[in-house]
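K.L.:
Attaching a single structure in structure tokens format; questions to follow.
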Amino acid sequence: MSYGYVYVAQIAMGANMNQTIKAIAEAEAYPGPSIVIAYAPCEMHSIKGGMVNCQNEMKKAVECGYWNLFRFNPALKAEGKNPFSLDSKPGVKEDYRAFLMNEARYSALTRSFPDRAEKLFTEAEDKSVERYNHLLRLKDLYAPAE
């Protein structure tokens, strides 16, 4: 996005199908380079209940603030519009830890290194809030001058 001429989107199909389709369509239509970064849980995430819950896991990731949805479409700047769209809401901090504990890769850490896990999870929660606030600042930064 800092280059100013690259279409960039961050998506999670299970969280917002419409945003996913819109981002992919915009990326395809954009007459320059495009990158779409998708949250896609895999077997290694060890989601409780198995991969059948993959779509729900994506939704939880966005709702708790672990993953944010946005689109940066440089073509909108020429139309006098803000090229940056933040498509997700602030995460619910209480849900962040529950999201982490739903994946064995994180919950195993609480058994092996409980003190370290607590510190790391708290830091991750705080960083998720910082990331969202950064995206809010980007939205303001790219807003057209009036």
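K.L.:
Do we have residue 119 as among the charged types (D, E, K, R) and exposed (fewer than 12 other Cβ atoms within 10 Å of the Cβ) here?
P.N.:
Yes: the conditions hold for residue 119.
K.L.:
For the stretch 6-33, give me each residue that is within 19 Å of residue 135 (Cα to Cα) and either among the small types (Gly, Ala, Ser) or modelled with pLDDT under 95 (or both).
P.N.:
Answer for the stretch 6-33, where residues must be within 19 Å of residue 135 (Cα to Cα) and either among the small types (Gly, Ala, Ser) or modelled with pLDDT under 95 (or both): 9, 12, 15, 23.
K.L.:
Just one of (1) at pLDDT 95 or above; (2) in a loop (DSSP other than H, G, I, E, B); (3) in contact with a strand residue (DSSP E or B) (Cβ under 9 Å, 6 or more places away or on another chain) trips up residue 1, so point out which.
P.N.:
Looking at each condition in turn, residue 1 falls short on (1).
K.L.:
Can you give me the ranges of the helices (runs of 4 or more DSSP H) entirely in the stretch 40-146 with at least 3 residues that are over 27 Å from residue 8 (Cα atoms) and either touching a residue at least 40 places away in the same chain (Cβ under 8 Å) or of a type in the set (Gly, Ala, Ser) (or both)?
P.N.:
Passing ranges, in order: 104-112.
K.L.:
When the residues of the stretch 34-44 are narrowed to those that are over 21 Å from residue 63 (Cα atoms) and modelled with pLDDT of 95 or more, which ends up surrounded by the fewest Cβ atoms within 10 Å (Cβ to Cβ)?
P.N.:
35
K.L.:
Can you tell me how many residues in the stretch 69-87 are in contact with a strand residue (DSSP E or B) (Cβ under 7 Å, 6 or more places away or on another chain) and farther than 16 Å from residue 27 by Cβ?
P.N.:
Filtering the stretch 69-87 down to residues in contact with a strand residue (DSSP E or B) (Cβ under 7 Å, 6 or more places away or on another chain) leaves 69-74, 83-87.
After this cut, where a residue has to be farther than 16 Å from residue 27 by Cβ as well, the list is 86.
Going through the stretch 69-87 one residue at a time, the tally reaches 1.
K.L.:
Here's a follow-up. Return yes when residue 140 is surrounded by fewer than 12 Cβ atoms within 10 Å (Cβ to Cβ), over 18 Å from the mean Cα position of the chain (by Cα) and over 21 Å from residue 1 (Cα atoms) and no when it is not. First the steps, then the outcome.
P.N.:
Working: surrounded by fewer than 12 Cβ atoms within 10 Å (Cβ to Cβ): yes; over 18 Å from the mean Cα position of the chain (by Cα): yes; over 21 Å from residue 1 (Cα atoms): no.
Against the criterion (surrounded by fewer than 12 Cβ atoms within 10 Å (Cβ to Cβ), over 18 Å from the mean Cα position of the chain (by Cα) and over 21 Å from residue 1 (Cα atoms)), residue 140 does not qualify.
The values are calculated or read from the model by the stated rules, or taken from the named source; none is laboratory data. Keep in mind that what you see is a predicted model, and the values were worked out from it rather than measured. Positions of Cβ are generated from backbone atoms using ideal geometry, with glycine treated the same way; all protein chains shown enter the neighbour counts.
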